[in-house]
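Enquirer: Supplied in structure tokens, the structure appears directly below.
The values are calculated or read from the model by the stated rules, or taken from the named source; none is laboratory data. Computed from a prediction, not measured in an experiment: that's the story for all the values here. All Cβ positions, glycine included, derive from the backbone under ideal geometry; neighbour counts span all protein chains shown. Keep in mind that these areas ignore ligands, DNA and RNA; they rest on the heavy atoms of the full protein, side chains included. Shrake-Rupley method; radii C 1.70, N 1.55, O 1.52, S 1.80 Å.
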Amino acid sequence: MTDTLHILKVALDVPLDRVFDYRTDKPNTQIGQYVVVPFGARKMIGVVVGISDTSSIESKKLKSIIRLDPEVIFDEQSFKLFQFCSQYYHYPLGQTILSAVPSRLKKINTKAMAKKYLYRLTPKAIELGVDQLPPRQTTLKRIVMALIDATLLDEASLRSMSSAWKKSIETLDEMGWIEKEEITLDDKVYIQAPIPSLNDEQKKAFDEISKTNKTFAAWLLYGITGSGKTEVYIRLIEEALKKEHAQVLVLVPEINLTPQLESRFRARFEKYMLVTLHSHLTDNERLTHWRLAKEGQAQIVIGTRLSIFTPMPHLSLIIIDEEHDASFKQQEGLRYHARDVAIFRAKSENIPIVMGTATPSLETWFNATKTKDAKKFGFLKLTSRAVLDSTLPEIKCIDISKSTVTKGFSPYLVEAIRDRLNKKEQSLIFINRRGFAPVLLCSSCQWTGRCHRCSSRLVVHLNQKRLRCHHCGHDEKMPLQCPSCGNTDLYPTGLGTQRIEETIKEFFPEARILRVDRDSTKTKEALNDLFLKMKNREIDILIGTQMLSKGHDFPYLSLVGVLDTDQALYSPDFRASERLFSQLMQVSGRAGRAKTKGEVYIQTAFPNHPIFEALKTHDYEHFANELLKERELAELSPFAFLVLLKGEAHQLAHVMQFLNDAMIHAQNLSAHVTVYNPVRPMMERLKGMERAQLVLQASSRVALQKLLNDWVPYLRENKLAQKVKWVVDVDPLEF
Ligand code: ADP
Ligand code: ZN
Ligand code: ZN
């Protein structure tokens, strides 16, 4: 033993932007290892982010770590990514790291589990080495050597080494040489669809991107749904995986990570280990998949936004499908945008990144088509649907200001649905997420039920006879009388999915109807079931909000009816029309994907709005370019960079004082950043908290970041910060 101090710099899950020094007597500690440390009166989990032999803290005051976990949870590349995120989003490093690793790792006690296994050597085994094995045990030796090489092995690989592998594993287990991990990688056999040969545009995209496969390059692959983008991804992945050990990361929106997409990839990559990372997995599964990626075993990782932080030692290519999707932005804690983080990562690892979509975000569209900066994105286009004889749907607007509407339906739409029923084709009724919840209304005084904790209306749940706030969960009995005037004639107004279902049942009592919403498609099985029923034509009319997953066709679906979407047209959020366009474009893509000609009916009071003109001609480009002009005039993203400071407190005065103070300080910090006055958001009150926010805007990202470097620490120091809950959102998506 020497007297040298080993000081660990430990990042903790606390809202303080600093690391903490602890002492250890373990000389072999590495950056990236988990520790349990005393913190005040508590024990906390932390991560080693630095090792030193000095500390600014007096040595007798230094506390020792309680436990060191042998697993190194991130490598140098991931550490760079965490540091970037912490700096760019102004979020403490410890919290950044701990929000990016699977939650099961964070529990202070992790226990091993049963069932189907992956095997790895224990630290003890690694220390002792093969030479310490009993003599003449050749199988044992072979297995241990293979595990040293590969880190993790599954049963199939072990079996291929020896028919007596089970016995050997048992022996190793008894010796304490081996650890097992549960595994749920499936072993289904996938139906091999014929592999299409690429059309000219696909080939061009593939060739261009392949040319850059050894260095950083960002590509926008722009093409409507069904134009063959996924096929291009698959070819690029095949190409990338030709390199030994290579790994590929595919990011998709949660809603698109369907069993169909997964099995399509599995079918094409049967030889490779593919794992998924998303919220439908159990913590154990997630941990196992994450470890497989981290150890370099999994060659393909398909995951949702959080998987951008997965350590992958041999990452060679990143693909982001549906680049524009808002779910890539995390809306709490570390408010990162997975696309932007992915671009940083690709740059830092010097690998290509491909972003595919039919409706690029305006930021990406701008980067790919409008800037002269050669460092921005390459632009590739697929202009037609890949399957011959599948055509684009015809899009029509129904002017509901001129037509009678019965319970939300115009007669044209009703007739169109009837026509499909007669032809034994399917219809989809699409409802925009917001604004369709029914509220209770008094016919005499216009009273409506409101939540006393939020600025929102209570939603009627007719079946349970209850009123519920969808923001805070407040729940109360439906009143029989108007609390304001005593009138007993109270009726639900507004179109909930349930009411639409009832209305359709009324119109078409013979039809087989299925209502799909977030709750009913939570599980993989439920989704699978839905696709199967559609495929088997057991459903005539589908009612849904956001179940527009890709990666599957509804071959008999030929009509999409879009009920009222107009409120998005006068939303105060400047991204509302961009979002509406991509949503309608995507939902239109559901119609007529196979041989049936599709039609889309959109009910609106503004049939001449440019957004519908653009939709009718399927002209995203024109629409995007017009929007860009507006954004330029208004100095909004992508022509300016924005930061949102949001605060909430029990008393409005506290929030306002905090924000005013923040505003004045920001104004003094930089002349290159515009600081707006604090305002109340649409939802002024939420869960009993009064809310307000202010916006910073700058044409230079550097100037903005420079200001934030001084401003955020100042906010943390502000005494009012104890009364006010606040967050800084860099590149906010919603206001
Ligand atoms: P996207 O990802 O743009 O929605 P996909 O790659 O899923 O498009 O392609 C849509 C359909 O067309 C799929 O069924 C796919 O197998 C098929 N497809 C893709 N490329 C071709 C091609 N070159 N020739 C024939 N069919 C193709
Ligand atoms: Zn009343
Ligand atoms: Zn509420």
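Enquirer: Report whether or not Glu285 is over 23 Å from Val387 (Cα atoms), more than 16 Å from ligand 3 (Cβ to nearest atom), assigned to a loop (DSSP other than H, G, I, E, B) and among the acidic types (Asp, Glu).
Expert: Judged against the criteria, Glu285 is not a match.
Enquirer: Can you report the number of residues in the range 406-426 which are modelled with pLDDT under 90 and surrounded by fewer than 16 Cβ atoms within 10 Å (Cβ to Cβ)?
Expert: 2
Enquirer: Let me ask something else. Using the structure shown, decide if Tyr676 is among the aromatic types (Phe, Trp, Tyr), away from ligand 3 (no atom under 16 Å from the Cβ), at negative phi and without any contact (Cβ under 8 Å) to a residue 60 or more places away in the chain. Break it down stepwise before answering.
Expert: Details: among the aromatic types (Phe, Trp, Tyr): yes; away from ligand 3 (no atom under 16 Å from the Cβ): yes; at negative phi: yes; without any contact (Cβ under 8 Å) to a residue 60 or more places away in the chain: yes.
When the stated conditions are applied, Tyr676 passes them.
Enquirer: Looking at (1) hydrophobic (A, V, I, L, M, F, W, C); (2) surrounded by fewer than 21 Cβ atoms within 10 Å (Cβ to Cβ); (3) in a strand (DSSP E or B), can you tell me which one Ile602 breaks?
Expert: It fails just one condition, (2).
Enquirer: I'm trying to understand the selection: among the residues of the range 473-517, which are modelled with pLDDT under 85, more than 16 Å from ligand 2 (Cβ to nearest atom) and in contact with a helix residue (DSSP H, G or I) (Cβ under 9 Å, 6 or more places away or on another chain)?
Expert: Leu495, Arg515, Val516, Asp517
Enquirer: Would you call Phe366 touching a residue at least 12 places away in the same chain (Cβ under 8 Å), part of a helix (DSSP H, G or I) and within 26 Å of Ser588 (Cβ to Cβ)? Spell out the reasoning first.
Expert: Details: touching a residue at least 12 places away in the same chain (Cβ under 8 Å): yes; part of a helix (DSSP H, G or I): yes; within 26 Å of Ser588 (Cβ to Cβ): yes.
Yes.
Enquirer: Can Lys329 be described as at pLDDT below 90 and over 16 Å from Phe74 (Cβ atoms)? First the steps, then the outcome.
Expert: Details: at pLDDT below 90: no; over 16 Å from Phe74 (Cβ atoms): yes.
In short, no.
Enquirer: Considering only the range 427-457, how many residues are more than 14 Å from ligand 3 (Cβ to nearest atom), over 13 Å from Ile500 (Cα atoms), within 33 Å of the chain's Cα centre (by Cα) and modelled with pLDDT of 85 or more?
Expert: Summing the residues that are more than 14 Å from ligand 3 (Cβ to nearest atom), over 13 Å from Ile500 (Cα atoms), within 33 Å of the chain's Cα centre (by Cα) and modelled with pLDDT of 85 or more in the range 427-457 gives 1.
Enquirer: Using beta carbons and a limit of 6 Å, which pairs, at least six apart or on different chains, have the first residue in the range 453-472 and within 24 Å of Gln651 (Cα to Cα) and within 16 Å of ligand 2 (Cβ to nearest atom) and the second one of a type outside the set (A, V, I, L, M, F, W, C) and open to solvent by less than 90 Å² (accessible area, probe 1.4 Å)?
Expert: Arg457/Thr448; Leu458/Gly449
Enquirer: Shifting gears a bit: Criterion first (more than 16 Å from ligand 3 (Cβ to nearest atom) and open to solvent by 30 Å² or more (accessible area, probe 1.4 Å)) does Arg716 satisfy it?
Expert: On the way: more than 16 Å from ligand 3 (Cβ to nearest atom): yes; open to solvent by 30 Å² or more (accessible area, probe 1.4 Å): yes.
Yes; evaluated as a whole, the condition is true for this residue.
Enquirer: Would you confirm whether any residue within the range 478-490 is closer than 30 Å to Phe531 by Cβ and surrounded by 13 or more Cβ atoms within 10 Å (Cβ to Cβ)? Steps first, answer last, please.
Expert: Going through the range 478-490, the residues closer than 30 Å to Phe531 by Cβ turn out to be none.
No, that holds for no residue.
Enquirer: Further, regarding this structure: Which residues, counting only those in the range 225-239, are of a type outside the set (Asp, Glu), part of a helix (DSSP H, G or I) and open to solvent by less than 20 Å² (accessible area, probe 1.4 Å)? Lay out the reasoning, then the answer.
Expert: At the first step, the residues of the range 225-239 found to be of a type outside the set (Asp, Glu) are 225-230, 232-237.
Still in the list and also part of a helix (DSSP H, G or I): 229-230, 232-237.
Lys229, Thr230, Val232, Tyr233, Ile234, Leu236, Ile237, listed by residue number.
Enquirer: If we scan the range 642-656, do we find a residue that is in a helix (DSSP H, G or I), in contact with a strand residue (DSSP E or B) (Cβ under 6 Å, 6 or more places away or on another chain) and surrounded by 21 or more Cβ atoms within 10 Å (Cβ to Cβ)?
Expert: The answer is yes; a qualifying residue exists.
Enquirer: Restricting to the range 251-282, and then to whatever is surrounded by fewer than 20 Cβ atoms within 10 Å (Cβ to Cβ), closer than 21 Å to Phe309 by Cα and over 16 Å from the mean Cα position of the chain (by Cα), can you tell me which residue is nearest to ligand 3 (Cβ to nearest atom)?
Expert: Thr282
Enquirer: Would you call Ala634 open to solvent by 70 Å² or more (accessible area, probe 1.4 Å), out of contact with any Gly (no Cβ under 7 Å at 6 or more places or on another chain), modelled with pLDDT under 95 and of a type in the set (A, V, I, L, M, F, W, C)? Outline the logic, then answer.
Expert: Values: open to solvent by 70 Å² or more (accessible area, probe 1.4 Å): no; out of contact with any Gly (no Cβ under 7 Å at 6 or more places or on another chain): yes; modelled with pLDDT under 95: yes; of a type in the set (A, V, I, L, M, F, W, C): yes.
Taking the combined requirement at face value, the residue does not satisfy it.
Residues checked against (1) closer than 29 Å to Gln722 by Cβ; (2) modelled with pLDDT of 90 or more; (3) open to solvent by 70 Å² or more (accessible area, probe 1.4 Å); (4) of a type in the set (Asp, Glu):
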residue: Ala11; (1), (2), (3), (4): yes, yes, no, no
residue: Leu16; (1), (2), (3), (4): yes, no, yes, no
residue: Phe39; (1), (2), (3), (4): yes, yes, no, no
residue: Ser64; (1), (2), (3), (4): no, yes, no, no
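Enquirer: Step by step: first the residues of the range 456-473, then only those that are part of a loop (DSSP other than H, G, I, E, B) and open to solvent by 40 Å² or more (accessible area, probe 1.4 Å), then the one that is nearest to ligand 1 (Cβ to nearest atom). Which residue is that?
Expert: First, pick out the residues of the range 456-473 that are part of a loop (DSSP other than H, G, I, E, B): 456, 458, 462-465, 469-473.
Next, from what is left, pick out any that are open to solvent by 40 Å² or more (accessible area, probe 1.4 Å): 462-465, 470-471, 473.
On the way: Leu462: 38, Asn463: 37, Gln464: 40, Lys465: 44, His470: 32, His471: 35, Gly473: 37 Å.
Within the range 456-473, the match that is nearest to ligand 1 (Cβ to nearest atom) is His470.
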